[in-house]
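Worksheet: the structure to be examined is printed underneath.
The values are calculated or read from the model by the stated rules, or taken from the named source; none is laboratory data. Just so you know, these numbers come straight off a predicted model, no measurement behind them. Virtual Cβ from ideal backbone geometry, glycine too; neighbours counted across all protein chains shown. Ligands, DNA and RNA are excluded from the accessible area calculation, which covers all protein heavy atoms including side chains. Shrake-Rupley method; radii C 1.70, N 1.55, O 1.52, S 1.80 Å.
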Amino acid sequence: MSPAPVVDGAIAGAVGSVALNVVSYLDMVVRARPESSTPQESAGRLADVTGMDLGPPERAANRRAGLGPVLGYGLGITAGAVFALLATRRRTPLPVAVGLLGGGVMALSDGSMTALGVTDPRTWRRTDWVADLVPHLAYGLAAATTWRRLRAGGAGRHR
């Protein structure tokens, strides 16, 4: 298999990640809510688990602040590439692709934060679930439509 579909999937995942972040920032504006600390907490816990030294406290805080979003983008891009590996030879209906991409990234993100002890979804309120679901659906929609557009534009070259 040519690497082109995986690259297209990674691009779709990157576009989805941007959409997720834009929707999250808009939610902060609309509800006047603070930025979530879970990405930084996850980065810190992951560093602890892997034995990575992030440096003295002030520098470690700055590194966690940068590492959290980078991990999120990495997850989103990787999810797009994996989707491409699974979907390259089949026509996945748009609603199914949105659900697979958005739901998959949400499950991986929430699952890893739960495994790291950063959060416990069993304690979330309905508004917490909606605040988590909507950006992930935006990820799924943006990634799926980008994937379809990239594949339609070069279907003859890539298959």
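In the stretch 105-129, the residues that are free of Cβ contacts under 8 Å to residues at least 24 places away in the same chain reach residues that are open to solvent by 80 Å² or more (accessible area, probe 1.4 Å) and of a type in the set (F, W, Y) with C-beta atoms within less than 9 angstrom, at least six apart or across chains, in these pairs: P121/W129.
Based on what the data block shows, is V49 among the hydrophobic types (A, V, I, L, M, F, W, C), farther than 30 Å from R148 by Cβ and touching an Asp or Glu at 6+ places or on another chain (Cβ under 6 Å)?
Working: among the hydrophobic types (A, V, I, L, M, F, W, C): yes; farther than 30 Å from R148 by Cβ: yes; touching an Asp or Glu at 6+ places or on another chain (Cβ under 6 Å): no.
So V49 does not fit the description; no.
On the given criteria, is P69 modelled with pLDDT of 95 or more, touching an Asp or Glu at 6+ places or on another chain (Cβ under 7 Å) and under 26 Å from S37 (Cβ atoms)?
Working: modelled with pLDDT of 95 or more: yes; touching an Asp or Glu at 6+ places or on another chain (Cβ under 7 Å): no; under 26 Å from S37 (Cβ atoms): yes.
It is false that P69 is modelled with pLDDT of 95 or more, touching an Asp or Glu at 6+ places or on another chain (Cβ under 7 Å) and under 26 Å from S37 (Cβ atoms).
The one condition from (1) of a type in the set (K, R); (2) more than 18 Å from the chain's Cα centre (by Cα); (3) surrounded by 18 or more Cβ atoms within 10 Å (Cβ to Cβ) that R90 does not meet is (3).
Can you tell me which residue within the stretch 100-131, out of those that are open to solvent by 40 Å² or more (accessible area, probe 1.4 Å) and under 15 Å from the mean Cα position of the chain (by Cα), is farthest from W147 (Cα to Cα)? By that ranking, first place goes to S112. When residues in the stretch 55-89 are screened for being free of Cβ contacts under 8 Å to residues at least 60 places away in the same chain and among the β-branched types (V, I, T), 1 of them pass. The residue that is nearest to G104 (Cα to Cα), among those in the stretch 31-81 that are among the polar types (S, T, N, Q) and surrounded by 11 or more Cβ atoms within 10 Å (Cβ to Cβ), is T78.
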